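Here is the structure we will look at.
The values are calculated or read from the model by the stated rules, or taken from the named source; none is laboratory data. Since the model is a prediction, treat every value here as computed from it, not as a measurement. Positions of Cβ are backbone-derived with ideal geometry, glycine not excepted, and every protein chain shown enters the neighbour counts.
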Amino acid sequence: MALEIRTARTALVVIDLQRGIAAGPTAPHAAGDVIARVGLLAEAVRRGGGIVVLVRVMPSADGRDALHPIADAPRAAGTPPPDFAEIVPELAPRPGDVVITKRQWGAFYGTELDLQLRRRGIETILLAGIATNVGVESTARDAFERGYEQVFVEDAMSARDADEHRHTVERIFPRIGRVRSTAEVLAALAGADPAA
């Protein structure tokens, strides 16, 4: 099915492309490649009158708002470096971009993301970032429950492990949206009517 995008009603939502996360290992796509593809998508969305939302994750300075579940594989404790939550320089916010700081995996819960999207008339979300099976998937599930149309840009996201990425892209995302490549999304954006 051909991908049609109403650019003015579309947001590129970028999950956790920040220094402290992009510096880690990723698979199947290198973080640098993901960042470069997201940069192309961001420029195309801005040109077409859509919005770019840059989401970062960071607990408060005292760490008391971080989640500490009783879990079999809990996250290692520690203080993140000072630049942990800085958006990578290649994607530095531009005028008109929205920056959201979240405190957990998903970008909707406890943030103003839904408010910002609805006030701007957004109907479709292009989703990208790291990690596919954590922040991206959590955000996707919440967006689905809120009624947004979604396009998952498969090569503009990555996980820590290729199998984790593959599972989410092949088993979860097709049930709640459309999975496309950066090239396919860029072609759809180029052919979109910006006023639509």
For this session: Could you grab the pairs with beta carbons closer than 9 Å, sequence gap of 6+ or different chains, first residue in segment 85-98 and within 17 Å of GLU112 (Cα to Cα), second one at pLDDT 95 or above and not hydrophobic (A, V, I, L, M, F, W, C)?
Result: GLY96/ARG46; ASP97/ARG46; VAL98/GLU112; VAL98/GLN116; VAL98/ARG120
For this session: Return the total of residues in segment 84-127 being surrounded by fewer than 16 Cβ atoms within 10 Å (Cβ to Cβ), closer than 26 Å to ALA36 by Cβ and small (Gly, Ala, Ser).
Result: 2
Exercise. For segment 41-67, which residues satisfy the criterion of being of a type in the set (A, V, I, L, M) and out of contact with any Gly (no Cβ under 9 Å at 6 or more places or on another chain)?
Worked result: LEU41, ALA42, VAL45, VAL53, LEU54, ALA61, ALA66, LEU67
Exercise. Only one of (1) over 17 Å from the mean Cα position of the chain (by Cα); (2) surrounded by 13 or more Cβ atoms within 10 Å (Cβ to Cβ) fails for PRO81. Which number is that?
Worked result: (2)
For this session: Output the residues belonging to segment 16-48 that are assigned to a loop (DSSP other than H, G, I, E, B) and either under 15 Å from the mean Cα position of the chain (by Cα) or in contact (Cβ under 8 Å) with a residue 40 or more places away in the chain (or both).
Result: ASP16, LEU17, GLY24, PRO25, THR26, PRO28, HIS29, ALA30, GLY48
Exercise. Would segment 178-188 turn up any residue that is surrounded by fewer than 22 Cβ atoms within 10 Å (Cβ to Cβ), touching a Phe, Trp or Tyr at 6+ places or on another chain (Cβ under 6 Å) and charged (D, E, K, R)?
Worked result: no
Exercise. Among (1) out of contact with any Lys or Arg (no Cβ under 8 Å at 6 or more places or on another chain); (2) under 20 Å from ARG120 (Cβ atoms); (3) modelled with pLDDT of 95 or more; (4) not aliphatic (A, V, I, L, M), where does ARG6 come up short?
Worked result: (3)
Problem set entry | Residue list for segment 146-171, restricted to those being of a type outside the set (D, E, K, R) and surrounded by fewer than 18 Cβ atoms within 10 Å (Cβ to Cβ) | GLY147, ALA162, HIS167
